[in-house]
């Protein structure tokens, strides 16, 4: 007589439960191998789908104003290519010049920083001895310059492949934007019937968050970058243009971007003297306080609620998986994982968030 196996959810781990765990680990390992093998393809499609989510509202707006969808896609792509070409022609040369000047002046800047730190640590010789010497710093900068040179050489040699990848990405983006309905239909069809609603909400929330994130990068990034660059130029902290670009790029990583941007600015300012350091610190505090209290609530609203720890984890993970371009996927990956966990696991359980918050506070404060 066959008996149907029933597992006690509160019982000890048995053979069937262990077998499921082993299969799950094996499945995750296979997925990881596939991700590692298809890194360039996954990165390309991820960036294209992300851009499609961001640009789709513009195409829809043009469509509502009686512009055919395909024509609207072409207009958007032409505008995107024009902006990219303008940046390459007019922004890259001065940025490269200031970056080279910064690298050449790094030993002198480090000597200035070392001198000021030594003056503050006269009674602590161990601290002074722990600081790298100027000649050591010059050697490290030379090695870094050689690394950058090799990178530029490899990039130049791989220019044809880069152009081909860019053309393929543009073509793929046009196809996705011109007719996204079959892709969305296939996504919803793949979801089981009982999870169809969660799948629908997941995609909708992801699109709203990515649009809010892109809007924040575009508006907050430009305002923050221009403000930091202009104010640092006024107080005499150079290279102000490079630091302005850092301020813009920092907006791709909410919460932790401001901290990462501040480090090189304050180090360079410290090498110029205590007055420059305090002026640069005042600029950073002023700009990011205005952004935090005025720009973020007005531009991002309540769409983006990501903890800095989550963002930092996905920043390191995507950079390890996909290199520099993976940094642009850190926030989308963090948002996607958070939405999927919320829609498919937390909301069906109907947990009491307020009670859990009180329980967490009691644990942190050491209360029973």
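The numbers here are math on the coordinates, done by the rules we state, and not lab data. It should be emphasised that the depicted structure is a prediction, and the values quoted were computed from it without experimental measurement. Note that we place each Cβ from the backbone using ideal geometry, even for glycine, and neighbour counts take in every protein chain shown.
General remarks:
- Extension reserve of the residue 90-residue 259 stretch, reckoned as 0.36 nm per residue once the Cα distance is removed: 58.0 nm
- Packing, taken as the mean count of other beta carbons within 10 Å per residue, orders the peptides 285-291, 344-350 from highest to lowest as 285-291, 344-350.
- Computed from label points 7 Å out along Cα-Cβ, the spacing between residue 179 and residue 26 is 4.0 nm.
- At R0 = 51 Å, FRET efficiency that the Cβ-Cβ distance of residue 233 and residue 42 yields, to 0.05: 0.80
- Between residue 195 and residue 165, the modelled labels are 3.1 nm apart [label points 7 Å from Cα along Cα→Cβ].
- Computed from the Cβ-Cβ distance with R0 of 22 Å, the FRET efficiency linking residue 355 to residue 316 stands at 0.10.
- Extension gain, residue 18 to residue 325, is 106.7 nm, computed as 0.36 nm per intervening residue step minus the present C-alpha separation.
- Cβ crowding within 10 Å, taken as a proxy for footprinting-reagent exposure, orders 357, 193 from fewest neighbours to most as 193, 357.
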